[in-house]
Amino acid sequence: MKKSAGVLLFILLLAIVGPWLSPNDYLGTNFDALLRSPQLAGMHLFGTDDLGRDLFVRTMLGIRVTLMVAVVASLVSLVIGVTYGAVAGYVGGRVDAVMMRFVDTLYALPFIFFVILLMVAFERNFLLIFVAIGAINWLDMARIVRGQTLSLREREFVDAARLTGVSTPRIIFRHIAPNLLGIVVVYVTLTIPQAILVESFLSFLGLGVQEPQTSLGALVDAGVNKMEGASWMLLIPASLLAVILMSFNFLGDALRDFFDAKHKQ
Amino acid sequence: MKLIRILLLTVLLVGIAACGGSGDDKDRANVLHRGLAIDPETLDAHKARSIQAADILRDAGEGLVSYSASGELTPGVAESWEVSEDGLTYTFHLRDNAKWSNGDAVIAEHFVFSVQRLINPETAAFYAQLLGDVAGLEAVDDRTLVITLERPTPYLLSLLTHPATFPMHPGSLAEHGDDFARPGTLLSNGAYVLAAWVPGSVLKLTRNELYWNNAATAIDEVQHHVLTQEMTELARYRAGEIDITASVPPDSFQQVKAELGDQLHVAPYLGVYYYGYNLTRPPFKDNPELRQALSMAIDRELLVEKITGRGESVAYSWVPPGVDNYEPTVLSYAPLTQAERNNIARTLYKSAGYSEDNPLQLELRYNTSDTQQRVALAIQSMWRDALGVETTLINEEFQVLLANMRDREITQVFRSSWIGDYNDAHTFLSVMQSDSAANMPAYASEEYDSLMQRAASQVDLDRRRLYLEEAERVMLADHPAIPIYFYVSKHLVSPRVAGWGDSVLDYHYSQHLSFKAVE
Amino acid sequence: MLRYALLRLLGAIPTLLLVIVLAFLMVHAAPGGPFDEERALPADVAAKIEAAYHLDETLPQQFMRYMSGLLQGDLGPSFRYRDYTVSELIGSGFPVSLRLGLLAILLALLVGVGSGTIAALRQGSLLDRVVMSFAMTGISIPVFVVGPVLVLLFAVKLHWLPAGWSGTESVWKYLLPVITLALPQIAYIARLTRASMIDVLSRDFIRTARAQGLGTKAIIRFHALKPAMLPVLSYMGPAIAAILTGSVVVEEVFGIPGLGQFFVRGALNRDYTLVLGIVIFYATLIIALNLIVDILYGVIDPRVRHR
């Protein structure tokens, strides 16, 4: 777990600080330096792309954008999912049954189609990308949270709070929610990679982040086309993407083991 | 133990796979495999508008006139014709062995029927205006067709190679109604018949034995594979599964040129890539200096060499080179160096009221595509470096961009292009007439319109040409749009295919192709 | 039993309606229409076409028209493929997507369960780490990278497999697309299997079996596999949905004429009827599948029915 967290932090730091260290900017086209492989000349550590733009800076920018999209999208699905699941689990009974029925039916929707339609309908609004991705993922979160809430509900401290007259919303937010922290953290860590892949898939279709902004997904997509002529354009962003995804996954797994162990005590 | 069994099985499977191969030793027989960028939207020649539909229709049909393998106009269904002195009456004599694929003879009445359907508003044909100058069409007898024109239209013969003017079989339409254009029912009077169509996958055309020139057709079957991703098409070509590609991906062009140079065919294509101005609104309304400044600040030579890099040629005129009987007018600043152009551009920019402290802020719209994006990014950069213009790039889907261009509410500069429908300057110059639906910038010049009208009424080809060239000069000087480069057609053609000729309209009839004997 | 099934069926109808309405609104909300072209249509021609496809009516009117057609089983003509109806296109594309999907699930199950089991058996060892790392590549590299790379290697360079789909009768054309499609699922299934198998293997009844002298293979086949598979089975629902998603990209990359490709093209071309038709078709399919699974669960586990 520590290794994954460490790797991620390093990448994040690099993404934030990196561009300041480089003399190049992400916009600067340089028609004399098209498609240079990674080199020290001109500080093109990752080489340049087909418009002569420095790939190191663009990759760092891409990482920022990708992480931002993923984290925000996960938070969106977290907020929706936790609220929904906690309410359903706590209130229970009929309301719970209806709410979960709704979730079950939503599972039936071919969501990716709706994401595409959304992106097409509202023209790749940057904000909308988060919302759209967040909207796919909240279902799992809601289910898990509901399950947890159901079992937490029966615990003594909740009874105590109820007996002393604490209002229901208060109980949900101040007593139950903190105990969900563990499971929620695990799921967010595992949702982020999903969100990243969805964003890269949208980039592939031309519906993702728009130029001159870029994301890892967009960089990878551009790199695939240049696979043979300028392989660094694919290898570098793809490796970074893979490392980030794997790190989040390992981190999530480790966290899950950790919280499971705690639970079993 | 189980593991070992699984491993053995895998090795066996892989072995089978390796032997099976990808098909280059298969029974290739006499089948030509061509790439097609998208499915035709329909094979009803009147309702079709895409280039892809036209390509298929040209294999599966024939008009009065056709093009030969070397790109010359050649008799099609009509074996000969005469033109009257005043250029207003054409008399066509049809062959007596022209047949439909069901055995019926192709007669003059079929052309009349077809044109009537074309111009009938109920059909809502896109190319209804193609024969706009035609006053009347008459089938004097089964073998004689007379076309009368309102104006002398020297390019009429070129028009008559267009699939929208192909004959139609009245019996077939009566029997099948709107479903007549499907595989199995679509009748053909051309070299091939539509045998099968798997949407999204492939269209199969088989030899039409009853075609009058069937003896000259070498290839028995043509398969047009629908391959929307250029990279996929290239992969299949390199794997030997496709013989002729529809295009070459821009990202791989240099590599393809280096590795497959002699199989790559790049030829000028009648199309102009341009950035149009919205002339109905500021900042470009009534501001010719600004429009010219922006046009001059673009380094077209650099663009063509480094950004598009597929052999395109720079465009300082509206009409591409290679058009019959025409010499395009060129913008005055074409021969200058870019540095000189930038200087003049800066002066014009200033006199339009802009400067470093008061930069022009504009929105550039283009449709989602790697090529458009690269060009846009490059031009954004050029405008910034030369003039200090702040350009916001807005990348829209094709449908959205079109709608915006038409509305003329929010567009300022937009990317567009025009591909010629026939080999005459008119197809390009008519776009800028004030009443043209394709006139995206909303250019309206009385002088231009009147020059075009005068050209249209000329019988003498040389005088007509002078009027057209003058019209182009007038229009270019007004800068309603910025011509950037002229298109090229790019195809990879397998070494086993013979008979491929360069065509400025990018017409490549399958009936002219054959396979070289392989030792 | 019947009551249970009927109740679930009835519950599905509002969902389907919701899906239709949402999809309808979204498709029509997209700017640009299906008949816009680079070369602008003359105004009267444009008007004629719009009228022929009823695009000149108000949205509610168009919706009612669509619904009444739907109830008669008519999904309408495709706006983009003028010679074909939506039903024909779905009929053409679905078998392809189905075959791909089924093969991908099978492969994913085979390889995923296999590798997860191996990893679980050798938990903590180098083999465990190696196997799981390989499995993870499925969710670490986007599908649109894997596809072209595989094609470049196996089709273009080595000429072992077909690069494309159309015009080849060879069965081998399935291999690369199926592998590409299955990779992410292999990752998830492997992880699930491994975790679940570790859990099961540590239970008492396994220890009993081992004490009785049963070999590892027998233990797995007869005792551990079934209980360990439960989480994998419940993952099958999301797995199918994920295969659906993945098929969109795989079909684009390999040029396969399946429903995924039709959908994307349809959305981009504003082919309203085709897009709606595919969405409804898939939603119906998934709802029907869920229904069947639920009923099966009800049969297997009576507790569920009476909740």
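The values are calculated or read from the model by the stated rules, or taken from the named source; none is laboratory data. The structure displayed is predicted, hence computed values, not measured ones. For neighbour counting, all protein chains shown are included, and Cβ atoms are generated from backbone atoms with ideal geometry for every residue, glycine included.
A few notes on this one:
- Index of the failed condition, residue C:78 passing every other in (1) more than 9 Å from chain B (Cβ to nearest Cβ); (2) buried (at least 20 other Cβ atoms within 10 Å of the Cβ): (1)
- Strands (runs of 3 or more DSSP E) enclosed by the range B:355-473 - at least 3 residues per element that are closer than 27 Å to residue B:504 by Cβ, within 14 Å of chain C (Cβ to nearest Cβ) and not acidic (Asp, Glu): B:413-419
- The residues on offer are B:186, B:279, B:205, B:194, and the sole one that is within 12 Å of chain C (Cβ to nearest Cβ), touching a Phe, Trp or Tyr at 6+ places or on another chain (Cβ under 7 Å) and either assigned to a helix (DSSP H, G or I) or at pLDDT 90 or above (or both) is B:186.
- Within the option set B:493, B:459, being of a type in the set (A, V, I, L, M, F, W, C) and within 17 Å of residue B:245 (Cβ to Cβ) holds for one residue only, B:493.
- When residue B:266 is tested against (1) within 21 Å of residue B:506 (Cα to Cα); (2) of a type in the set (Val, Ile, Thr); (3) crowded, with 17+ Cβ neighbours inside 10 Å, only condition (3) is not met.
- Note on the range B:56-111: enclosed strands (runs of 3 or more DSSP E) holding 2 or more residues that are touching a helix residue (DSSP H, G or I) at 6+ places or on another chain (Cβ under 8 Å) are B:89-94.
- Listed by first and then second residue, the pairs linking a residue in the range C:158-175 that is assigned to a helix (DSSP H, G or I) to a residue that is surrounded by fewer than 19 Cβ atoms within 10 Å (Cβ to Cβ) and basic (Lys, Arg), with Cβ atoms under 9 Å apart and 6 or more places separating them unless they lie on different chains, are C:174/C:99.
- Screening the range C:122-158 for residues that are surrounded by fewer than 18 Cβ atoms within 10 Å (Cβ to Cβ) and within 14 Å of chain B (Cβ to nearest Cβ) and picking the one that is farthest from residue B:225 (Cα to Cα) gives C:122.
Here is a yes/no grid of residues against (1) more than 14 Å from every other protein chain (Cβ to nearest Cβ); (2) at pLDDT below 90; (3) crowded, with 19+ Cβ neighbours inside 10 Å:
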| position | (1), (2), (3) |
| --- | --- |
| B:140 | yes, no, no |
| B:160 | yes, no, yes |
| B:169 | yes, no, yes |
| B:177 | no, yes, no |
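- Count of residues meeting criterion [within 23 Å of the chain's Cα centre (by Cα) and more than 19 Å from residue C:50 (Cα to Cα)] in the range B:120-140: 4
- Residues that are more than 21 Å from residue C:173 (Cβ to Cβ) and either buried (at least 23 other Cβ atoms within 10 Å of the Cβ) or at pLDDT 90 or above (or both) do occur in the range B:248-255.
Residues checked against (1) more than 18 Å from residue B:378 (Cβ to Cβ); (2) within 14 Å of chain C (Cβ to nearest Cβ); (3) in contact (Cβ under 8 Å) with a residue 24 or more places away in the chain; (4) not in a loop (DSSP other than H, G, I, E, B):
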site: B:255; (1), (2), (3), (4): yes, yes, no, yes
site: B:259; (1), (2), (3), (4): yes, yes, no, yes
site: B:262; (1), (2), (3), (4): yes, no, yes, yes
site: B:293; (1), (2), (3), (4): no, no, yes, yes
site: B:320; (1), (2), (3), (4): yes, no, yes, no
site: B:326; (1), (2), (3), (4): yes, no, yes, no
site: B:342; (1), (2), (3), (4): no, no, yes, yes
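- If you go through the range B:453-478 and pick out every residue that is farther than 22 Å from residue B:295 by Cβ, surrounded by 16 or more Cβ atoms within 10 Å (Cβ to Cβ) and either touching a Leu at 6+ places or on another chain (Cβ under 7 Å) or modelled with pLDDT under 90 (or both), you end up with 4.
- All positions within the range C:235-254 that are over 18 Å from residue A:201 (Cβ atoms) and at the interface with another protein chain (Cβ under 10 Å from one of its Cβ atoms): C:237
- Matching residues in the range B:68-105 - criterion: being under 27 Å from residue B:424 (Cα atoms) and among the hydrophobic types (A, V, I, L, M, F, W, C): B:69, B:73, B:77, B:78, B:81, B:83, B:88, B:92, B:94
- Residue list for the range B:402-427, restricted to those being hydrophobic (A, V, I, L, M, F, W, C) and in contact with a Phe, Trp or Tyr (Cβ under 6 Å, 6 or more places away or on another chain): B:405, B:413, B:425
- One residue stands out among those in the range A:206-224 that are touching a Ser or Thr at 6+ places or on another chain (Cβ under 7 Å) and either part of a helix (DSSP H, G or I) or facing chain C (nearest Cβ under 8 Å) (or both): the one that is nearest to residue A:50 (Cα to Cα), which is A:219.
- Elements of type helices (runs of 4 or more DSSP H) in the range C:226-307, at least 1 residues being of a type in the set (Phe, Trp, Tyr) and either modelled with pLDDT under 85 or over 17 Å from the mean Cα position of the chain (by Cα) (or both): C:272-300
- The numbered conditions (1) free of Cβ contacts under 8 Å to residues at least 24 places away in the same chain; (2) facing another protein chain (nearest Cβ under 9 Å) are all true for residue A:181 except (2).
- Within the range C:55-92, the set of residues being part of a helix (DSSP H, G or I), farther than 20 Å from residue B:179 by Cβ and touching a helix residue (DSSP H, G or I) at 6+ places or on another chain (Cβ under 9 Å) comprises C:59, C:62, C:63, C:66, C:67, C:70.
- Enumeration of residues in the range C:187-217 that are touching a helix residue (DSSP H, G or I) at 6+ places or on another chain (Cβ under 8 Å) and within 14 Å of chain B (Cβ to nearest Cβ): C:216, C:217
- Cβ-Cβ contacts under 8 Å between residues 6 or more apart (or on different chains), taken from a first residue in the range B:303-315 that is touching a residue at least 60 places away in the same chain (Cβ under 8 Å) to a second residue that is surrounded by fewer than 16 Cβ atoms within 10 Å (Cβ to Cβ) and of a type in the set (Asp, Glu), are listed as B:314/B:301.
- Hits in the range A:241-256 - residues which are within 11 Å of chain C (Cβ to nearest Cβ), crowded, with 22+ Cβ neighbours inside 10 Å and not polar (S, T, N, Q): A:241, A:244, A:245, A:248
- Residue satisfying all of: in the range B:366-393; farther than 20 Å from residue B:251 by Cβ, β-branched (Val, Ile, Thr) and surrounded by 21 or more Cβ atoms within 10 Å (Cβ to Cβ); nearest to the chain's Cα centre (by Cα) among these: B:391
- The range B:30-53, subset more than 10 Å from chain C (Cβ to nearest Cβ) and assigned to a loop (DSSP other than H, G, I, E, B), residue farthest from residue B:498 (Cα to Cα): B:46
- Evaluation of residue B:459 against (1) free of Cβ contacts under 8 Å to residues at least 24 places away in the same chain; (2) touching a Pro at 6+ places or on another chain (Cβ under 7 Å); (3) not basic (Lys, Arg) (one fails), failing number: (1)
- Filter result for residue C:190 (on the phi < 0 side of the Ramachandran plot and at pLDDT 80 or above): yes
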